[in-house]
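Undergrad: After the structure tokens below, expect a handful of questions from me.
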Amino acid sequence: MAKGKRKWWFILGLPVFIIFVFTVPHPVEEETVLSSLWINSPLSSSESSIMRGESLIPFILGDRFGYVGESGRYTLNRVRDGYVSISDNFWTEYETLPSRINIMNPAGDNVLSIDGPRGYPLFLDNRIFIVGSEQNSVMELSRDGRELWSYDFPGPITCVDAQGGYFLAGTLDGAVILLDSRGRPVFTPFEPGGSNLPIILGCAISEDASLLAIISGINEQRFLLMERTGDNFRVVYHEFLGSGFRRPVHISFIDNDSKVAFEREGGMSIYTIGTRRSININIKGEVVALDKSGLDGYLFVITSGGEEEKSLVTIRYPGQVVGVAPFYGRDIFLSRQGSALYLGGDSLMAMFEIKRR
């Protein structure tokens with residue numbers, strides 16, 4: 001990218017974090033604030049080593065991807081030329097129909113090369129998967145490239161998640177399938193039904209694999225929570241969500257798996273597992289990023305009201321919006337690790353610390 005163009009991207013991105021710095025750090029509750037620790041631009045930052053024990057956050061922001069540390073230094077910072085899959089432990093860049101996939105670690109070392117993969121790489125639960133080119137099969141690989149198992153689904157896969165050695169998938173024809181560590185179905189494919197179009201648009205699995213959360217169907221769309229009972233799972237809660245979305249839906253277990261956050265028409269809902277109660281939260285715009293930890297009593301969400309109109313929304317449990325910081329940016333990034341909140345907008349990246357005082 002030309003030097004002049006980089007400069008303009010930096011200038012255009014700067015207002016994003018001016019708004020963050022001057023709007024967000026005001027208290028969102030009497031004793032809770034967001035304190036800015038650093039702001040920089042991946043465009044002008046080079047790759048460097050980090051301190052031992054420093055946490056790394058994988059990011060994709062616009063046409064760049066890599067890993068950034070707590071100090072704001074980038075151990076990997078590259079221009080994206082193709083498709084990118086990235087997680088805490090692995091990353092790879094690949095073509096539309098890859099003939100070879102090189103899987104790397106955050107330091108940029110090659111850990112595995114796959115010739116003729118016949119699909120696309122996916123990293124979940126510190127594991128390596130290949131999703132078939134027709135998106136109706138999944139194969140898990142060992143760290144040395146051996147096939148551990150493979151599974152053919154009854155239709156194209158529309159959502160996936162993995163935790164605790166299990167793999168969860170939803171399909172275009174409305175089936176929910178949970179596979180164990182050997183790729184064997186834990187139960188007969190479950191079909192929620194109850195809708196004109198029975199597609200599965202979102203799915204999540206709790207860390208201990210004892211709970212499954214599902215968004216299914218169009219007209220009516222539903223949220224379902226499934227709970228392990230012995231060797232099987234059963235639906236313990238369901239809720240109609242209106243006609244719903246015709247696209248993948250954000251859904252995640254949060255707050256140490258005590259709650260589920262998910263999109264719905266007009267905003268979001270937070271379902272508390274202990275009370276089996278769902279609270280609706282009215283939010284303007286479409287949810288484009290969700291804080292998947294939701295710790296310390298707060299959940300952070302980025303919404304979009306247009307191509308460049310964005311807002312950082314702060315939600316306090318059980319479901320109260322206590323802060324909305326509007327900003328402009330075409331590309332965004334959001335991640336959270338403990339008390340650290342990482343935000344990206346266009347050509348800038350920032351880290352904030354969630355403090356109580």
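Undergrad: Are any of the residues in the stretch 283-294 in contact with a strand residue (DSSP E or B) (Cβ under 6 Å, 6 or more places away or on another chain) and among the hydroxyl-bearing types (Ser, Thr, Tyr)? So that I can check it myself, show each step before the final result.
TA: As a first pass, look at the stretch 283-294 and keep what is in contact with a strand residue (DSSP E or B) (Cβ under 6 Å, 6 or more places away or on another chain): 283, 285-294.
So of that shortlist, the ones also among the hydroxyl-bearing types (Ser, Thr, Tyr) come out as 293.
Yes, the conditions are met somewhere in the stretch 283-294.
Undergrad: At least 1 residues that are farther than 19 Å from Lys259 by Cα and small (Gly, Ala, Ser) in each: list the strands (runs of 3 or more DSSP E) lying fully within the stretch 270-331 that qualify. Even if it seems obvious, please write down each step before you answer.
TA: Values: elements: 277-282, 286-290, 298-304, 309-316, 320-328.
Answer list for the stretch 270-331: 298-304, 309-316, 320-328.
Undergrad: It is to be established whether one or more residues within the stretch 233-245 are acidic (Asp, Glu), closer than 27 Å to Phe129 by Cα and in contact with a strand residue (DSSP E or B) (Cβ under 8 Å, 6 or more places away or on another chain). Write out each step before concluding.
TA: Keep residues of the stretch 233-245 that are acidic (Asp, Glu), which gives 239.
Filter once more, keeping what is closer than 27 Å to Phe129 by Cα: none.
No, the stretch 233-245 has no match at all.
Undergrad: Of the conditions (1) farther than 16 Å from Pro318 by Cβ; (2) more than 21 Å from the chain's Cα centre (by Cα); (3) modelled with pLDDT of 95 or more, Asn196 fails just one. Which one is it?
TA: Going through (1) farther than 16 Å from Pro318 by Cβ; (2) more than 21 Å from the chain's Cα centre (by Cα); (3) modelled with pLDDT of 95 or more one by one, Asn196 breaks only (3).
Undergrad: Output the residues belonging to the stretch 136-147 that are in a strand (DSSP E or B), out of contact with any Lys or Arg (no Cβ under 7 Å at 6 or more places or on another chain) and either open to solvent by less than 30 Å² (accessible area, probe 1.4 Å) or farther than 23 Å from Glu191 by Cα (or both). Even if it seems obvious, please write down each step before you answer.
TA: In the first step, residues of the stretch 136-147 are kept if they are in a strand (DSSP E or B); the result is 137-141, 147.
Cutting the leftovers down to out of contact with any Lys or Arg (no Cβ under 7 Å at 6 or more places or on another chain) gives us 137-139, 141, 147.
The answer is Ser137, Val138, Leu141, Glu147.
Undergrad: Restricting the stretch 226-273 to residues that are polar (S, T, N, Q) and more than 19 Å from Phe187 (Cα to Cα), which is nearest to the chain's Cα centre (by Cα)?
TA: As a first pass, look at the stretch 226-273 and keep what is polar (S, T, N, Q): 229, 232, 243, 252, 256, 258, 269, 272.
Right, trim to more than 19 Å from Phe187 (Cα to Cα) and you get 243, 252, 256, 258, 269, 272.
Details: Ser243: 24, Ser252: 8, Asn256: 16, Ser258: 18, Ser269: 17, Thr272: 20 Å.
Applying the filter and picking the extreme gives Ser252.
Undergrad: A follow-up question, please. Could you grab me the full set of residues in the stretch 259-306 that are more than 24 Å from Ile218 (Cα to Cα), free of Cβ contacts under 8 Å to residues at least 24 places away in the same chain and in contact with a Ser or Thr (Cβ under 7 Å, 6 or more places away or on another chain)?
TA: Gly274, the sole residue that qualifies.
Undergrad: Of the residues that sit in the stretch 282-303 and are over 11 Å from the mean Cα position of the chain (by Cα) and among the hydrophobic types (A, V, I, L, M, F, W, C), which one is surrounded by the fewest Cβ atoms within 10 Å (Cβ to Cβ)?
TA: Leu295
Undergrad: Right, here's the next one. Can you name the residue in the stretch 200-215 that is of a type outside the set (Gly, Ala, Ser) and open to solvent by less than 30 Å² (accessible area, probe 1.4 Å) and is also nearest to Pro154 (Cα to Cα) among such residues? Steps first, please.
TA: Within the stretch 200-215, the first condition is being of a type outside the set (Gly, Ala, Ser), and the residues that meet it are 200-201, 203, 205, 207-208, 211-212, 214-215.
When the remaining residues are screened for being open to solvent by less than 30 Å² (accessible area, probe 1.4 Å), the result is 200-201, 203, 205, 211-212, 214-215.
Values: Ile200: 13, Leu201: 16, Cys203: 17, Ile205: 20, Leu211: 23, Leu212: 20, Ile214: 18, Ile215: 18 Å.
That would be Ile200.
Undergrad: If Asn89 meets every condition in (1) of a type in the set (S, T, N, Q); (2) open to solvent by 60 Å² or more (accessible area, probe 1.4 Å); (3) more than 23 Å from Gly183 (Cα to Cα) apart from one, which number is that one?
TA: Here Asn89 meets the rest and fails (3).
Undergrad: As an exercise: evaluate Asp257 against (1) of a type in the set (D, E, K, R); (2) assigned to a strand (DSSP E or B); (3) open to solvent by less than 50 Å² (accessible area, probe 1.4 Å) and give the number of the one condition it does not meet.
TA: (2)
Undergrad: Which members of the stretch 125-135 meet the condition of being open to solvent by 40 Å² or more (accessible area, probe 1.4 Å) and in contact with a Ser or Thr (Cβ under 8 Å, 6 or more places away or on another chain)? I'd like the intermediate steps shown before the answer.
TA: Of the residues in the stretch 125-135, the ones open to solvent by 40 Å² or more (accessible area, probe 1.4 Å) are 125-126, 133-135.
Hit for the stretch 125-135 is Asn126, nothing else.
The values are calculated or read from the model by the stated rules, or taken from the named source; none is laboratory data. Bear in mind the structure is a predicted one, so any value in this text is a computation, not a measurement. Using ideal geometry, Cβ is built from the backbone for each residue, glycine included, and neighbour counts are taken over all protein chains shown. Accessible surface areas use protein heavy atoms only, side chains included; no ligands, DNA or RNA. Shrake-Rupley method; radii C 1.70, N 1.55, O 1.52, S 1.80 Å.
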